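Below is one structure, written out as structure tokens; the observations come after it.
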């Protein structure tokens with residue numbers, strides 16, 4: 001008996017030793033490992049952060065800060081591990097339960113040994129200087145941006161989404177600065193040249209949703225039906241302010257009311273305020289009660305197109321949706337970050353319907369999601385919607401078009417499969433069940449599974465857990481009387497796997513005076529369209545007629561002209577998208593697609609479709625035509641677009657046409673016309689241009705090496721009155737220079753992380769350096785652009801690595817660029833698989849263009 005007890009104790013001892021070994025190798029790894037996150041989720045509870053930040057007016061002085069952390073520790077098997085991804089020197093003093101202790105900082109973690117702790121409530125006090133990486137300090141303002149794991153670059157914390165906490169914030173800032181955070185203001189105290197802002201406890205939230213904004217801002221307040229909102233902004237254009245501020249408040253309020261009704265759950269937080277920020281890295285960020293936006297997207301004037309206004313409406317709806325989807329119910333781990341994004345996008349589309357009744361919203365869904373989803377899902381770097389994530393330091397790499405655009409397509413198919421009512425009931429149960437907590441995709445699937453006879457786990461496996469898209473083909477036979485005797489549609493995975501996507505869509509059989517529309521519900525590899533058997537042979541067949549299906553559909557030569565004659569806007573819109581995809585797959589010659597898109601852009605009467613076609617036409621023109629083909633068609637394109645531009649079109653269509661003309665009118669004649677518009681010696685009726693448009697036009701003329709470039713840029717600079725926009729323009733000037741050495745020097749400066757702080761500015765500059773007309777001089781930077789990628793991932797925000805690639809090597813279509821990529825991957829066999837996927841996504845056009853060019857030679 002004693003021997004058995006001894007062996008049992010020995011086994012327990014060995015397990016404990018093994019756990020300790022795991023702790024050293026996994027818990028204290030750089031970043032936040034999944035092992036650490038899971039351990040802390042069991043170890044800790046009842047977390048409260050008491051944070052004090054003293055913001056100096058001078059950029060050169062540190063933000064002196066203090067954290068008092070109150071936390072319940074449920075076991076003392078391991079030390080208390082906080083995350084602090086900043087230099088150890090910023091930690092000034094640490095006190096645990098009233099005892100000063102030595103500062104132990106390893107691998108981005110602050111470690112407090114169990115000897116200084118106790119089971120139950122503990123109090124940790126830390127005096128520190130705030131980390132600068134995510135503080136976004138500017139001369140007159142600063143703002144935090146802490147998604148996905150950047151809270152730990154600012155202050156010591158438990159930087160994982162399932163450890164929600166209450167925040168008590170105390171901020172001292174220069175007296176004339178405004179301060180905004182996610183809590184209600186309790187009091188302000190004036191202290192010489194500063195004001196101290198003390199806040200009530202904030203709502204419970206994940207670390208990535210904590211934020212504050214401070215600086216010189218104008219303020220506006222609005223109450224609608226007892227719902228109070230506050231806005232901070234720096235825009236100075238009075239026309240934009242007058243036109244935009246009431247609309248910004250209205251759109252926020254209407255989004256709140258829609259979501260309260262849809263989720264059957266009242267607005268979940270103390271308040272809903274927002275700040276607009278020049279040069280903000282994203283369109284918006286859903287911080288609890290204090291949303292941040294990129295200022296130019298929200299402030300529009302009478303020159304704005306309908307599409308721009310709809311884009312603003314959807315952005316606001318997206319961020320407000322996050323208050324429920326992401327903020328109230330948060331993913332347990334960032335491998336499910338797509339869940340909050342898919343719901344935000346999905347709900348944004350629903351919210352836009354009542355706010356913008358003049359739009360065809362089925363068409364808007366197609367235009368908003370399909371091209372962007374295909375842009376990544378067609379590539380060798382395609383990833384599933386739901387990905388594995390072993391360490392939170394790699395969470396930023398999960399963001400992209402798959403989660404923002406393929407996931408809403410998947411969700412729409414899911415809603416159609418379940419039925420709208422059952423789907424909504426499932427979502428309501430999900431919100432109620434996990435409010436103020438965390439949930440993963442499998443927990444949502446379990447709820448939805450109860451609402452439908454469909455096997456949701458099997459359904460979601462291919463849509464959510466696997467990458468890629470299907471390629472559809474058809475097999476149609478006819479009788480001697482020209483009636484359909486057999487009509488079979490088949491699908492196969494583009495990546496040659498055996499995946500099958502269950503989905504619904506429609507096909508349209510085109511006849512002389514009508515279109516016969518048939519519903520298709522594919523569950524297997526093949527389906528026979530029984531409803532079509534016996535029908536007369538159609539003039540044409542339009543696949544995915546309702547823009548609901550996902551994949552690449554058949555296009556016959558005769559379909560090219562049929563697209564232009566389709567009266568249904570959704571069918572026409574998706575057909576343009578599908579034709580583009582067929583072209584990139586080398587099934588249709590780019591010059592044929594170019595000619596059809598050119599004709600369409602000259603004839604199309606729907607504003608949003610003119611915008612779509614203009615973008616596709618530019619892509620074909622610059623990337624998929626050979627240089628000889630481009631030279632042959634450029635003059636005619638320029639002339640024909642100008643002719644329609646000067647015709648009797650609506651202002652929205654003219655804005656898209658002008659964007660297209662500006663992008664291709666680099667001939668001497670084209671430059672002269674652009675210069676005349678810029679100098680206002682020529683006026684185009686109903687073409688509404690604002691100050692920003694004229695600044696952008698000056699930049700375009702510089703890129704085209706206009707003889708008056710120096711005077712144009714000097715005049716443009718003088719005309720900018722907004723200090724933020726002036727700073728941006730000065731930053732971009734070297735990239736617009738006609739001197740190659742000046743451009744090279746600017747690129748070299750980007751090797752230093754501090755010169756990449758204004759990411760949107762850097763991307764604009766890179767676009768100028770690597771413009772198609774400048775690639776002979778820009779290509780020498782491509783190798784270095786790839787070599788900097790790992791550092792950029794560490795120092796940049798979540799979208800920056802992919803956007804860096806898209807603005808550098810992604811601008812090319814040459815054999816030289818293809819060789820650079822191949823050599824880089826060959827020389828770096830251990831290169832991050834995550835970044836490799838980003839590279840393969842961004843450079844996909846290069847490989848496709850080269851395949852097309854080779855086939856033309858043959």
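The values are calculated or read from the model by the stated rules, or taken from the named source; none is laboratory data. What you see is a predicted model; the values in this text were computed from it and never measured. Here the Cβ is made from the backbone with ideal geometry for all residues, glycine too, and neighbour counts use every protein chain on show.
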Kindly establish whether residue 318 is modelled with pLDDT under 95 and either over 19 Å from residue 263 (Cβ atoms) or crowded, with 21+ Cβ neighbours inside 10 Å (or both). no
Between 817, 849, which is under 19 Å from residue 743 (Cβ atoms), within 27 Å of the chain's Cα centre (by Cα) and assigned to a helix (DSSP H, G or I)? 817
When you check residue 531 against the structure, is it outside the structural domain of residue 410 (by TED's automatic domain parsing) and touching a residue at least 60 places away in the same chain (Cβ under 8 Å), yes or no? no
Yes or no: region 257-267 includes at least one residue that is within 21 Å of the chain's Cα centre (by Cα), in a helix (DSSP H, G or I) and free of Cβ contacts under 8 Å to residues at least 40 places away in the same chain. no
Looking at region 438-477 only, could you name the residues that are under 28 Å from residue 542 (Cα atoms) and touching a strand residue (DSSP E or B) at 6+ places or on another chain (Cβ under 6 Å)? 468, 470, 471, 472, 473, 474, 475, 476, 477
From the option list 725, 730, single residue qualifying as in contact with a helix residue (DSSP H, G or I) (Cβ under 8 Å, 6 or more places away or on another chain), surrounded by 15 or more Cβ atoms within 10 Å (Cβ to Cβ) and at negative phi is 725
Would you mind telling me which numbered condition in (1) in contact with a helix residue (DSSP H, G or I) (Cβ under 7 Å, 6 or more places away or on another chain); (2) closer than 27 Å to residue 834 by Cβ; (3) part of a helix (DSSP H, G or I) residue 380 fails? (3)
Kindly evaluate residue 179 against the criterion of being in the same structural domain as residue 269 (by TED's automatic domain parsing), part of a strand (DSSP E or B), at pLDDT 95 or above and within 21 Å of residue 47 (Cα to Cα). no
Candidates 415, 429 - the one that is outside the structural domain of residue 801 (by TED's automatic domain parsing) and more than 30 Å from residue 163 (Cβ to Cβ): 415
Would you pick out the residues in region 222-252 that are touching a strand residue (DSSP E or B) at 6+ places or on another chain (Cβ under 8 Å), outside any strand (DSSP E or B) and surrounded by fewer than 18 Cβ atoms within 10 Å (Cβ to Cβ)? 241, 246, 250
Among (1) modelled with pLDDT of 95 or more; (2) assigned by TED's automatic domain parsing to the domain that holds residue 426; (3) crowded, with 24+ Cβ neighbours inside 10 Å, where does residue 334 come up short? (2)
Inspect region 599-609 for any residue being outside the structural domain of residue 852 (by TED's automatic domain parsing) and closer than 30 Å to residue 484 by Cβ and give the result as yes or no. yes
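Yes/no matrix, rows are residues, columns are (1) farther than 30 Å from residue 338 by Cβ; (2) in contact with a strand residue (DSSP E or B) (Cβ under 9 Å, 6 or more places away or on another chain):
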{"position": "128", "(1), (2)": "yes, yes"}
{"position": "133", "(1), (2)": "no, no"}
{"position": "147", "(1), (2)": "no, yes"}
{"position": "156", "(1), (2)": "no, yes"}
{"position": "176", "(1), (2)": "yes, yes"}
{"position": "182", "(1), (2)": "no, yes"}
{"position": "186", "(1), (2)": "yes, yes"}
Would you check which residues across region 415-452 are in contact with a helix residue (DSSP H, G or I) (Cβ under 9 Å, 6 or more places away or on another chain) and assigned to a loop (DSSP other than H, G, I, E, B) and list them? 440, 450, 451, 452
Here's a check for you: in region 97-143, which residue that is free of Cβ contacts under 8 Å to residues at least 12 places away in the same chain and closer than 20 Å to residue 40 by Cβ is nearest to the chain's Cα centre (by Cα)? 104
Being surrounded by fewer than 16 Cβ atoms within 10 Å (Cβ to Cβ), touching a helix residue (DSSP H, G or I) at 6+ places or on another chain (Cβ under 6 Å), in a helix (DSSP H, G or I) and at pLDDT 95 or above narrows it down to one residue among 715, 742, 700; which is it? 742
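Residues are listed down the side, and each one gets a yes or a no for (1) within 22 Å of residue 469 (Cα to Cα); (2) touching a residue at least 12 places away in the same chain (Cβ under 8 Å); (3) assigned to a strand (DSSP E or B):
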site	(1), (2), (3)
521	yes, yes, yes
545	yes, yes, no
555	yes, yes, no
572	yes, yes, no
577	yes, yes, no
596	no, yes, no
From the options 492, 499, residue that is outside the structural domain of residue 361 (by TED's automatic domain parsing), part of a strand (DSSP E or B) and buried (at least 16 other Cβ atoms within 10 Å of the Cβ): 492
Scan 112, 103 and give me the residue that is touching a helix residue (DSSP H, G or I) at 6+ places or on another chain (Cβ under 8 Å), modelled with pLDDT of 95 or more, closer than 28 Å to residue 794 by Cβ and assigned by TED's automatic domain parsing to the domain that holds residue 206. 103
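Listed here are the residues, each with its yes/no results for (1) out of contact with any strand residue (DSSP E or B) (no Cβ under 6 Å at 6 or more places or on another chain); (2) in contact (Cβ under 8 Å) with a residue 40 or more places away in the chain; (3) crowded, with 17+ Cβ neighbours inside 10 Å; (4) in a strand (DSSP E or B).
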site	(1), (2), (3), (4)
29	yes, yes, yes, no
45	no, no, no, yes
50	no, yes, yes, yes
65	no, yes, yes, yes
72	no, yes, no, yes
75	yes, yes, no, no
82	no, yes, yes, yes
86	yes, yes, yes, no
